[in-house]
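Reviewing the structure listed below.
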Amino acid sequence: MYFAPIPAHGRPPAQPIRAHTGTLVDDKIWVIGGVDSKSCWRGVACFDTESYHWTMIETFGDALPPLRAHTTNIVGNTLYLFGGGDGPTYSNDVWAFDTISHRFSRPEITTPRDKHPPPRRAHTALLYRNFIVVFGGGNGQAALNDLWALDVSDPDHLSWHEWTTHGDIPPKKGYHSANLVQDKMVVFGGSDGHASFGDVHVLDLQSLEWTHIDVSPQQNRLSHTTSLVGNFLYIIGGHNGHAYAQDVLVLDLLNWHYEYKSPKGLPPPGRGYHVAVLHDSRIWISGGYNGVEVYDDVWVLELGAGSYLTQVVSASAPSCALC
């Protein structure tokens, strides 16, 4: 396992960016939005992981507003964007971007407007069956820990549903991470705007019951990324309460303990608010911020053919949260 900078070329985003999104579609990473130290970037760019070539995308249709700390999920050929904002603005809008025609649109949502989720940024969203499941974030005044699901089974008629959960409900938070493992959502870290968190919670998406997982010693992170690789979550970057981390933490989802990795090669500078995408036994890292500088670089963490590429098949207590 080793780090390597990527000699990218072509036309990248017009400015260094953080709090953007990067979504894998085939061999390409689609990057939308984000902000540098001054302003939001309102563009779309595509990075080819085979050729290392950046392409700026000419878009059509409705004009996308400035967005950062939003989420993007791929469903078929469509990227669905939710939330985010710029400056004092927080959004609860849904946008659709067709990766074939490069057209932005506002899909029809049949749910009455007062039944939509409140505006937010720094939330998470993952695709589970026919739903984009949204958790947490912040609205500019407080952090959130509510759960919403956008039904995307009919792209012409979307609908919102608030899902009421029970059990060990996580604290209100944003800038956390969420990963889908079978029928479970694993939520790690984040912040309420005051403190950084290192808690791990698992939501059963069938019963909607939360389980708190005691993982010691606790590792605080916010604005980090987590990539699911077999039985493990690879945690890269983020702020640990003291500084922007440069290390790689690996959370074992079967035994619930951390492994500390020291990849070979030159590590990227510590950062948060970046994106990380798993593809072809590599974690691709783009952009981010170290508290002073906003980055415009691309790195890979080469995982090789190591033993981490197995699948989660079973678990025992306290791992029963993933049974």
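Laboratory data are not the source of any read-out in this text; all were calculated from the coordinates shown. Quick caveat: nothing in here was measured; it's all calculated off a predicted structure. Cβ placement follows ideal geometry from the backbone for every residue including glycine, while neighbour counts extend to all protein chains displayed.
Below are the figures for this structure:
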{"read-out": "Among Val275, Val292, Val202: highest mean-square fluctuation, GNM of the chain, C-alpha pairs under 10 Å", "value": "Val292"}
{"read-out": "Too-long pairs where the Cα-Cα distance tops 30 Å, listed order kept, from Lys28/Lys172; Lys28/Lys115; Lys173/Lys261; Lys115/Lys172", "value": "Lys28/Lys172; Lys28/Lys115"}
{"read-out": "FRET efficiency for Asp154 and Asp27, using Cβ-Cβ distance with R0 set to 35 Å, rounded to 0.05", "value": "0.75"}
{"read-out": "Computed FRET value (nearest 0.05) for Gln246 with Ser37, which takes r as the C-beta separation and R₀ as 25 Å", "value": "0.75"}
{"read-out": "Per residue, the convex hull volume that the Cα atoms of the chain enclose (Å³)", "value": "128 Å³"}
{"read-out": "Length gained when the stretch Lys264-Ile57 is fully extended (0.36 nm per residue, less Cα-Cα span)", "value": "71.0 nm"}
{"read-out": "Relative contact order for the range 2-322, counting Cα pairs under 8 Å that sit 6 or more residues apart, in percent", "value": "15 percent"}
